[in-house]
Structures are given as C-alpha cells and as structure tokens.
Amino acid sequence: MSVISVKNLSKIFGKKTKEALSLLDEGYAKEEILEKTGCTVGVNRATFEVEEGEVFVIMGLSGSGKSTLVRLLNRLIDPTEGDVEVGGENLAKVGKETLRKVRREKMSMVFQKFGLFPFRTVLENTEFGLEIQGINKEERAEKAKEALELVGLGSFIHQYPDQLSGGMQQRVGLARALANDPEVLLMDEAFSALDPLIRKDMQDELLDLQQKMKKTIIFITHDLDEALRIGDRIALMKDGSIVQIGTPEEILVNPANDYVERFVEDVDRSKVLTASHIMKRPETVDIEKHGPRVALERIREQGLSSIYVVDRSRQLKGYVTADDVKQARDNEQKDLHSILRTDMPTVGLEAPIHEIFEIIHDAPVPVAVVEDGKMKGIIVRGAVIAALANGNGVTEDA
Amino acid sequence: MLNFIPEIPVAQWINTAVDWMKDTFQFIFDPIKQDFGQFVETTADWLSQIPALIVILIVALIAFFVSGKKFGLVAFSIIGLWFVYNQGLWEELMYTFTLVLFASLISIIIGIPAGIWMSKSKWAQTIITPILDFMQTMPAFVYLIPAVVFFGIGMVPGIFASVVFATPPVVRFTNLGIRQVSNELVEAADAFGTTGSQKLFKVELPMARKTIMAGVNQTVMLALSMVVIASMIGAPGLGDKVLTALQRSQEGPGFVAGFGIVILAIIIDRVSQNLNKG
C-alpha cells in the first residue's frame, strides 16, 4: 500500500507561475523558461508513490530540485500545482489545521545541519514535537528517552547540542523525529554534513532502525553510493524532473538515459554488483542418473576441466574433474560417487563481487553460486575481472 | 523661480494637527497626566525614602551575581553610589532612575511587539522602518514641544519624550533578531507542526534573545541620555541639576551632577550586559 502518492507535483519560483507552467507543458527547458518569464522551475511534474516501510531515496546533484521536492511533501514550500496524498488527505490542498495535524502526527523531518535548538538540552530537543502537540511532561520525557535510547544517546540527555559531535547531534535530530512516532520520516541530506566514517555508521544504524520500526523513509541525498546503500528504490532527479525511478540494480544495470549513465559511471561497482549478476548457467551432471560417460561427454563438449554434480532436485553435491572421470570410465565404474570431490568454493546469490574476487583467486574450479543448497550458477574468474574492470559484468545468461 | 510657489504653511498644519490631537485625545492624555504622573511621582518618592545604604547594598548584590561573582563592578557600584550620596544628589539620582525605568519599560513594552510584527510582515516593515528613521534623526528637543502640549510639564512629558527617542533600537533589534533565526530552525519548527505563537515563543524569541537584549540595552542608554534634555520641561533629577548649572554657568555643580549620570549609566549598562551573557 502506498503511504505517499505524488502526482504531477510542480513548483515554480517567481511571479509568472502560470505562464511558466504552460511553457513547461509545451516542453520548454528550465533555462528557456527562466529567460522568458524570470521564473525558476524548482520541481517539474514529479509523480511517484512511496510504499509502506520503504526507504525511498531521492537523489540528484545540487540544484536538481530534490530539497525542494521533499519540502513540497510536508509543504514547507507550497506547491504551484499537483497533489501530495498522505493517508487519504491531499496535503497540497488541505487547510492549515489539517496540515499541522499531519506534520505533528504523520511526518517528521530530519535536517542536513541537524536543525537542533541550541538553547534546549538533548532531551528537550527530542521532546519538541511532543511538546508542540501538548503532551504532558512525564509522558513526553518518557517517549523522548525511549527515542534517545534507540539512537544510543540514553546517557547524554542533559547535554546541550553544542557539546556533542556532529554524528551525535544528528542522532538527536533522528531521535526528535522518531519521538513523534510518525509514519513517514523525511530526511533531507541527513548524513551529508558528517564525515565519511561516521556517515557509514549512521547509514547502517538507520537501516537497523528501519528493520526494527518499519518506518517509511524518504531520504534525500546527492551521494549515489549512499543512495545505493540504503535505498529500496531510488528516484534520480535532474533540473527539477525525475529522470528515473527504480531499484538500485535497475538504475545501475539499465540507466534510463545518458544522464543517469554518466551519474552511475563512477560508482564503485564491486560493492553493488553481486554474484547473481555475473554468474553463468552451470553445466551439471545428475548424480542419480548420470555416470562417467555422460560426464565425460559434457566435459568434452564444453571444453571444461571439471563439472559440477547435483542431484535430482538440483542440490549441489560436489564436482568431478576430467581426469578422474576418464579414469572411472576406463575402470568401467557405473556412478560418480567414488570420484566426487567436495572442496569447491561456494557463495550466496547476494555475495558482492569483491568478496568473490578474494575466494576465486585460488579456487581449483569455478565458484558455485548456491541458494539453500541448490545450484544456481557458476562464476568463472574472467567474469569477476571483467566486472571489476569495465563495470559490465552482466553475462548473457544471467 | 524659487519663489514661484509661496511658502507652504507646514508649520501651521502641524500646529493644527497637534491642537486637534490635544482636543480629541484629551480624554486619554488627561488621565495619563494625572494618574500615571501620580504613580511615577509616588514611585520616585518611595525610592528616595529607602535608606541609601540599603539601596547601595542591594545594587552591590545584584552586581555581584550578574557579573559572575567578580568584584570589579561591585566595587564600582559601591564607590560610585556613595559618591553621589556624598555630593547630596541622592534624591535626584532616584528621580532620574525612576524616569529611566519607566521610559525604558514603556519603550520595551511597545518596542518588542512592534519588532515582532515587523519581522512577521513585510508590509509592517515597510511602514515602520521610515517611522523609526524619523524618530531617531529628528533632534530630540523637538519632541519636547508636543510633550508639553499633551502632558504639561513634569515627569510625564519627560517620559513621553524619552519613549519616543528610546524606542527605535529595541524595535529594530527585535526585528533583526527574529529575522536572523536560521532558516533551518524555522523549518524545523514548522515541520513539527507548530502554530504561529508556538514557533514565536518556543523557537524564535529564545533564539533572538541576545539580539533583543542588546536592543534593550541600547534603549535604556538612550532613555538615560534623554534625561538631561527632559529636564528642560521640568523633569526633576540629575538632569535638572545639570540644566540649572548651565543656566547659572556653575561648572563645578554641573560636572558633579554629570558624573552622577555617568555613574548611573555605567552601572545600568554593565548590569544589563552581564544579564545578557548568562
């Protein structure tokens, strides 16, 4: 079920918004509209839905309209046109009272520079949203403490924000947003002001929290690595328009256009491509019906030096080498049991390439990709190297 | 060429306007003159009747605590106030203080809301800014004239003129302080669903506090500087002594009374600045 449904949402900054909108409809570019009307196109007819419990990343370079778009969602910026449906209410059209209610109960926001109040302690900052709702002191202190425990700041509640490091301050920001127990978290470049190591920790923690609490998260970032790491789906923005929406893999593997392609070019692919992307369909023999003759036949046909052995339900049993098979045939053996070897390297479908690279190095046979013991594919050394080298490790069979 | 248009009777118009205001708002001015005047007078008398030693001790204590338990300001307060007492100007000092107190309070009561309004409304800012410019650039003496017309002579017109002269800084600083609150904090307040007044009292005013207090400090100082001028229309106090000395060309008493004003100014300034640091 979608929690947020955005339709044709646009924001034009400037005075002649109507004129600018009709020019947009006629297909004029952002620069031309600026020249003709003096208006800046902030967001151009964005349409998307965010599912419950999803981490939806909106990604783009600065000036792409991503920060404007997230502010249209809770109407910190009033949209020029279009709809934002949250829980049956069209936020773009509702009155102040309803808007306030939605902001208090359904959506909380985390800010790039934390947005903490310097004159309030960590606890008081965390209580802010609850205080605004008029919840009594004991209850809000209790909820705020719970939220602070969640982000690991339980013992800092009486400090002031400027006594904390950047990472800790953003935890307070996160706790403040969580204390309201909202359905949706809006995170505007929430980790961009943090240094890289802390940033990674925060990403991991956010994912952990997400597992526990099942919040719907809309995360804004300019960093593709971050987007790929935490996003279930990613919307890529350019010049106010969404150019592509898809899972991290879809975006990497099938970039919608040149812009996306250029964007994804410098991603470290070894972190993103996994075993499932570079494996090939395996040649196998069935231990229950095939003997050395069939095995040898297949080995010769494919020009292999060994072949994997499975059972009827494709459970991986081991492998046999060409030499052993030849000998078994010469000795008139009926089955492969006696020559079966089991020292093959195996990985799961989700294993990242750099991990495979490490084990494939001194493996006697191609790496077997298994899921629940079932043979899914094999990875040959060449495929890993190709994937690392040119970023295009996808084979025809995969 | 320049005489093509005869002299425009601006002065007459203003006379007419002031007369009209006097007649029309008599019902407001009279009670202010009577009741408020009485109140101010009583306060000043009451303050003068507290034994000087007690006042000095109280001021010293306040100085001690607001300055973070340092003794510089305490020593200055004790010696300065004792000097004023020693010169036989104690009662004048209390009258001057009362005048400054009421002028400052009224300025702040008017100024802070005006500053808030200005920060919230572009329209209000457009209108109020030139009025403030006018209030600050017009020579302070000029305010004495309508003050006398409306309130006669004495402390009330003195306070009136001081308020006109001293209000602009607190208005400007309040406006500035609120406008300076970082956009992200305002957004944070909005994003959590604050109402206008929640945002103002829980975020904007606390964030602007230091700037507003700097404005308050300026306002108090301006009110004090107006005290000498207000004595021209019969406001009693140290200013009156200075004026008398000037009229009689007595440099000694003039400077002594002047020192009294300087001492009061320094104590008020340092105490209010220290309050702002905390």
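Residue by residue through segment A:25-44, note down the ones that are more than 30 Å from A:ASP225 (Cβ to Cβ) and open to solvent by 10 Å² or more (accessible area, probe 1.4 Å).
Selection gives A:ASP25, A:GLU26, A:GLY27, A:TYR28, A:GLU32, A:LEU34, A:GLU35, A:LYS36, A:THR37, A:GLY38.
Condition test on B:MET207, is it open to solvent by 10 Å² or more (accessible area, probe 1.4 Å) and either more than 13 Å from every other protein chain (Cβ to nearest Cβ) or among the polar types (S, T, N, Q) (or both)?
no
Test B:ALA214 against the criterion of being within 14 Å of chain A (Cβ to nearest Cβ) and of a type in the set (Gly, Ala, Ser), and give yes or no.
No, not satisfied.
Report yes if some residue within segment A:154-161 is of a type in the set (Ser, Thr, Tyr), within 26 Å of A:GLN211 (Cβ to Cβ) and away from every other protein chain (no Cβ under 13 Å); otherwise report no.
yes
From the residues in segment A:121-132 that are among the hydrophobic types (A, V, I, L, M, F, W, C) and more than 8 Å from chain B (Cβ to nearest Cβ), which one is surrounded by the fewest Cβ atoms within 10 Å (Cβ to Cβ)?
A:LEU123
So which residues in segment B:26-54 are more than 24 Å from B:SER77 (Cβ to Cβ) and either open to solvent by 80 Å² or more (accessible area, probe 1.4 Å) or touching a Lys or Arg at 6+ places or on another chain (Cβ under 9 Å) (or both)?
Passing the criteria: B:PHE27, B:PHE29, B:GLN34, B:ASP35, B:GLN38, B:PHE39.
Yes or no, residue by residue, for (1) within 24 Å of the chain's Cα centre (by Cα); (2) over 17 Å from B:THR96 (Cβ atoms); (3) touching a residue at least 60 places away in the same chain (Cβ under 8 Å):
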{"residue": "B:ILE8", "(1), (2), (3)": "no, yes, no"}
{"residue": "B:TRP13", "(1), (2), (3)": "no, yes, no"}
{"residue": "B:ILE28", "(1), (2), (3)": "yes, yes, no"}
{"residue": "B:ILE32", "(1), (2), (3)": "yes, yes, yes"}
{"residue": "B:SER48", "(1), (2), (3)": "yes, no, no"}
{"residue": "B:ALA60", "(1), (2), (3)": "yes, yes, no"}
{"residue": "B:ALA63", "(1), (2), (3)": "yes, yes, yes"}
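Go through the residues of segment A:45-68 one by one and say whether even a single one is open to solvent by 10 Å² or more (accessible area, probe 1.4 Å), of a type outside the set (A, V, I, L, M) and within 14 Å of chain B (Cβ to nearest Cβ).
yes
A quick yes/no check of all residues on (1) surrounded by fewer than 16 Cβ atoms within 10 Å (Cβ to Cβ); (2) closer than 26 Å to B:SER182 by Cβ; (3) within 11 Å of chain B (Cβ to nearest Cβ):
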site	(1), (2), (3)
A:THR98	yes, no, yes
A:LYS106	no, yes, yes
A:PHE119	yes, yes, yes
A:GLU142	yes, no, no
A:GLN169	no, yes, no
A:GLY173	no, yes, yes
A:LEU178	no, yes, no
A:GLU183	no, no, no
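Kindly indicate which of B:GLN198, B:GLN250 is within 14 Å of another protein chain (Cβ to nearest Cβ) and open to solvent by 20 Å² or more (accessible area, probe 1.4 Å).
B:GLN198 is the lone residue from the list that is within 14 Å of another protein chain (Cβ to nearest Cβ) and open to solvent by 20 Å² or more (accessible area, probe 1.4 Å).
From the residues in segment B:253-278 that are open to solvent by less than 40 Å² (accessible area, probe 1.4 Å) and free of Cβ contacts under 8 Å to residues at least 40 places away in the same chain, which one is farthest from B:LEU205 (Cα to Cα)?
Ranking the qualifying residues of segment B:253-278, first place goes to B:GLY254.
Within the set of pairs 6 or more residues apart or between chains, which connect a residue that is of a type in the set (Phe, Trp, Tyr) inside segment B:189-217 to a residue that is open to solvent by 40 Å² or more (accessible area, probe 1.4 Å) with Cβ atoms less than 9 Å apart?
Matching pairs, first to second residue: B:PHE192/A:ARG104; B:PHE192/A:GLN133.
Within segment A:74-88, can you find the residues that are in a strand (DSSP E or B) and within 14 Å of chain B (Cβ to nearest Cβ)?
A:VAL86, the sole residue that qualifies.
Test A:ALA193 against the stated conditions and say whether it is open to solvent by 20 Å² or more (accessible area, probe 1.4 Å), in the same structural domain as A:GLY231 (by TED's automatic domain parsing) and in contact with a Phe, Trp or Tyr (Cβ under 9 Å, 6 or more places away or on another chain).
Answer is yes for this residue.
Which of the residues that make up segment B:68-92 are among the hydroxyl-bearing types (Ser, Thr, Tyr) and either assigned to a loop (DSSP other than H, G, I, E, B) or surrounded by fewer than 18 Cβ atoms within 10 Å (Cβ to Cβ) (or both)?
B:TYR85 - this is the single residue of segment B:68-92 that is among the hydroxyl-bearing types (Ser, Thr, Tyr) and either assigned to a loop (DSSP other than H, G, I, E, B) or surrounded by fewer than 18 Cβ atoms within 10 Å (Cβ to Cβ) (or both).
Given the residues A:ILE242, A:ILE135, A:ILE198, A:ILE157, which is the only one that is without any contact (Cβ under 8 Å) to a residue 12 or more places away in the chain and open to solvent by 10 Å² or more (accessible area, probe 1.4 Å)?
A:ILE135
Yes/no matrix, rows are residues, columns are (1) within 14 Å of chain A (Cβ to nearest Cβ); (2) among the basic types (Lys, Arg); (3) outside any helix (DSSP H, G or I); (4) crowded, with 22+ Cβ neighbours inside 10 Å:
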site: B:ILE145; (1), (2), (3), (4): no, no, no, no
site: B:PHE150; (1), (2), (3), (4): no, no, no, no
site: B:GLY158; (1), (2), (3), (4): no, no, no, yes
site: B:SER162; (1), (2), (3), (4): no, no, no, yes
site: B:PHE173; (1), (2), (3), (4): no, no, no, yes
site: B:GLU184; (1), (2), (3), (4): yes, no, no, no
site: B:GLU187; (1), (2), (3), (4): yes, no, no, no
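Please go through segment A:181-204 and give me each residue that is at pLDDT 90 or above and farther than 17 Å from A:GLN112 by Cβ, ordered by number.
Listed by number, the residues that qualify are A:ASP181, A:PRO182, A:GLU183, A:VAL184.
Within segment A:324-335, does at least one residue satisfy the condition of being under 30 Å from A:LEU252 (Cβ atoms) and not small (Gly, Ala, Ser)?
no
Being surrounded by fewer than 24 Cβ atoms within 10 Å (Cβ to Cβ) and not aliphatic (A, V, I, L, M) is the filter here, so list the residues in segment B:232-244 that pass it.
If the condition is that a residue be surrounded by fewer than 24 Cβ atoms within 10 Å (Cβ to Cβ) and not aliphatic (A, V, I, L, M), then B:GLY234, B:PRO236, B:ASP240, B:THR244 are the ones that fit.
Of the conditions (1) surrounded by fewer than 23 Cβ atoms within 10 Å (Cβ to Cβ); (2) touching a helix residue (DSSP H, G or I) at 6+ places or on another chain (Cβ under 8 Å); (3) part of a helix (DSSP H, G or I); (4) within 14 Å of another protein chain (Cβ to nearest Cβ), B:GLN136 satisfies every one except a single condition; which number is it?
Looking at each condition in turn, B:GLN136 falls short on (4).
The values are calculated or read from the model by the stated rules, or taken from the named source; none is laboratory data. On a predicted model such as this, the values are computed, not experimentally measured, just so you know. So basically every Cβ, Gly included, is an ideal-geometry build from the backbone, and we count neighbours across all protein chains shown. Heavy atoms of the whole protein, side chains included, go into the accessibility calculation; ligands, DNA and RNA do not. Shrake-Rupley method; radii C 1.70, N 1.55, O 1.52, S 1.80 Å.
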